[in-house]
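> I'd like to ask some things about the structure below.
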Amino acid sequence: MKRSTTALLALGTVTAAVAGSVLFLGAGGGAGAAGKGADGLPPATATVVRTDLVLSKTVDGRIDFAQRRAVKAAVEGTVTVAAAEGRTVRRGEALYELNDKPVTLLYGPVPAFREMKKGHRGSDVLQLERNLRDLGYGAGLYVDTEYGEDTESAVKRWQKHLNRETTGRIGRGDVVFQPGEVKVVSADAALADQVGPDAPVLTIASTRPVVRAVLEQTDGALTARGTKVEVTLPSGKTVPGKVAGTVRPEGEDGAEGGGQEGITVEVVLDGGSRAASGEDAEAAASVTFVSEAREGVLAVPVEAVVALRGENGGYGLQVVEGGTSEMIRVETGMTADGRIEVSGAGLRAGMKVGVAKP
């Protein structure tokens, strides 16, 4: 699935490359060293430039939706209305119907883990009352953690509106709590299917679009939350984003992101749902992960850097001006695309420096 990769070069690798391509010189260089002409000038030169250096890796990805999870039946029954794939479901709407009764989406972080009725207390009661209030059934309702007569009355008004038996209780399996509106990714149970407790009925996700991509196991550093990326969408539009985390590949058990063939990374796009509006979800997107970036630094080709011998060692550049040259000591930084960051006293953009290989 990978399209192209820009190699990530560690400084140790660069040191080896430099040492292998140029002659080690004494502290002052030397006019008669190999690789120079009889006049002491190098066979070729390059220009010191001020530029941005970026270490990156590009792979294919696909548009998806964040936080996929299964919704399982709380009780045994028959699916009488199946979930509609691709539909966005909001507070108070039915996700599906079981035994001819709607299973309703409500908002809240606490899962529906029991029947709720008069006399019960808890955080699940509190979030139920908040939903009743926000759905317009809050007249006379005191929003707290107690399921009192006011809660029972509000539930009855809601049940009457839904054309359900007005019991004043929330039965186990009547509602599903989720943090917010959801998108139905797939219907895992079809019409007339018999489902038992804990059987998956549908798969839902956040309505927030994301891009999923697979990286090599050796690219673990790129999977860190907050890593910057650039995504080229199927339309050709480029959108910035960042890594939200790793996810378990579909159909695979075990720890998140632990697939044998790589690490599945979820990328959040800047701009939210508008960023991927109208894009073809079946087409591939191109995802560029940026592991390090240096803006406005001086850089030269890797082949221009000379490994110095002597008491102090280090690295140098052979600066060429007119018919003369001078070896100056420099500090090296990150590398990318065959260039290396350099800095040192008197070094400036536009200087000509020798290269070890023509």
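> In what sequence, highest mean first, do 215-222, 332-339 appear when ranked by Cβ atoms within 10 angstrom?
Numbers: 215-222: 15.4, 332-339: 18.6.
Peptide ranking by packing, descending: 332-339, 215-222.
> Sort the following peptides by mean Cβ neighbour count (other Cβ atoms within 10 Å, averaged over residues), highest first: 134-144, 226-236. All intermediate terms of the calculation are to be shown ahead of the outcome.
Working: 134-144: 14.5, 226-236: 16.5.
Most protected by this proxy first, the peptides run 226-236, 134-144.
> Taking θ as phi - 60°, what are the ³J(HN,Hα) couplings along the range 169-174 by the Karplus curve (6.51, -1.76, 1.60), each to the nearest whole Hz, with x for Gly and Pro?
10, 9, x, 5, x, 6
> Skipping prolines and chain starts, which residues have an amide H placed within reach, meaning under 5 Å, of the one on His120, given they are 5 or more residues away or on another chain?
Tyr147
> Which FRET efficiency, nearest 0.05, do Glu93 and Ala139 yield, Cβ-Cβ r, R0 30 Å? Don't jump to the answer; show the numbers that get you there.
Working: r = 22 Å, r/R0 = 0.72.
FRET efficiency, Glu93 to Ala139: 0.85.
> How long is the gain from Arg164 to Asp60 if the chain were fully straight, where each residue apart is worth 0.36 nm and the alpha carbon distance is subtracted?
On the way: separation 104, 0.36 × 104 = 37.44 nm, distance 4.88 nm.
32.6 nm is the gain from fully extending Arg164 to Asp60.
> Let me ask you something else. Roll a 1.4 Å probe over the protein heavy atoms and report the accessible area of Glu266 in Å², nearest 10.
Using a 1.4 Å probe on the heavy atoms, I get roughly 10 Å².
> Measure out, as a whole number of angstrom, how far apart the alpha-carbon centroids of the range 74-144 and the range 292-345 sit.
Going from one Cα centre to the other spans 66 Å.
> As an exercise, use a Förster radius of 30 Å and the Cβ-Cβ distance of Ala349 and Ala283 to find the FRET efficiency, rounded to the nearest 0.05. Mind showing how you got there, number by number?
Values: r = 41 Å, r/R0 = 1.38.
E(calc), rounded to 0.05, equals 0.15.
> Using the Karplus equation 6.51 cos²θ - 1.76 cosθ + 1.60 (θ = phi - 60°), what ³J(HN,Hα) coupling, rounded to whole Hz, does each residue of the range 267-275 give in order, writing x for Gly and Pro?
Once rounded to whole Hz, the list reads 10, 8, 8, 5, x, x, 5, 5, 4.
> Right, here's the next one. Ranked from the most accessible area to the least, with a 1.4 Å probe and all protein chains present, what is the order of Arg225, Arg91? If you can, show how the numbers build up before the last one.
Details: Arg225 190, Arg91 65 Å².
From most exposed to least exposed: Arg225, Arg91.
> Normalised by the empirical 2.2 N^0.38 Å for globular proteins, what value does the Cα Rg of the range 85-153 take?
Values: Rg = 12.8 Å, N = 69, 2.2 N^0.38 = 11.0 Å.
In units of the 2.2 N^0.38 Å rule of thumb, it is 1.17.
> Further, regarding this structure: At 0.890 mPa s and 25 °C, plugging the Kirkwood radius over alpha-carbon pairs of the range 67-209 into Stokes-Einstein gives what diffusion coefficient in µm²/s? Before the final figure, lay out the partial values.
Numbers: Rh = 15.3 Å.
Approximately 160 µm²/s, per Stokes-Einstein.
> Rounded to the nearest 0.05, what FRET efficiency is calculated for Ile328 and Glu181 with R0 set to 41 Å and r the Cβ-Cβ distance? List each step's numbers first, then the result.
Working: r = 62 Å, r/R0 = 1.52.
E(calc), rounded to 0.05, equals 0.10.
> Hey, another quick one. Which cross-chain or sequence-distant (5 or more) residues have an amide H under 5 Å from the amide H of Ile340, H modelled 1.01 Å from N in plane?
Amide H to amide H, under 5 Å and 5 or more residues apart or across chains, Ile340 pairs with Val300, Val302.
> Mind ordering 62-72, 300-310 by average Cβ neighbours within 10 Å, highest first?
Numbers: 62-72: 17.6, 300-310: 20.4.
Per-residue mean Cβ counts within 10 Å order the peptides as 300-310, 62-72.
> Collect residues whose amide H, placed 1.01 Å from N in the peptide plane, falls under 5 Å from the amide H of Thr227; neighbours closer than 5 in sequence don't count.
Placed amide hydrogens put Val243 under 5 Å from Thr227.
The values are calculated or read from the model by the stated rules, or taken from the named source; none is laboratory data. Since the structure is predicted, the reported quantities are computational estimates derived from the model, not experimental observations. When we count neighbours, we look across all protein chains shown, and the Cβ atoms used for this are built from the backbone with ideal geometry, even at glycine. Areas reflect the complete protein model, heavy atoms only, side chains present, ligands, DNA and RNA absent. Shrake-Rupley method; radii C 1.70, N 1.55, O 1.52, S 1.80 Å.
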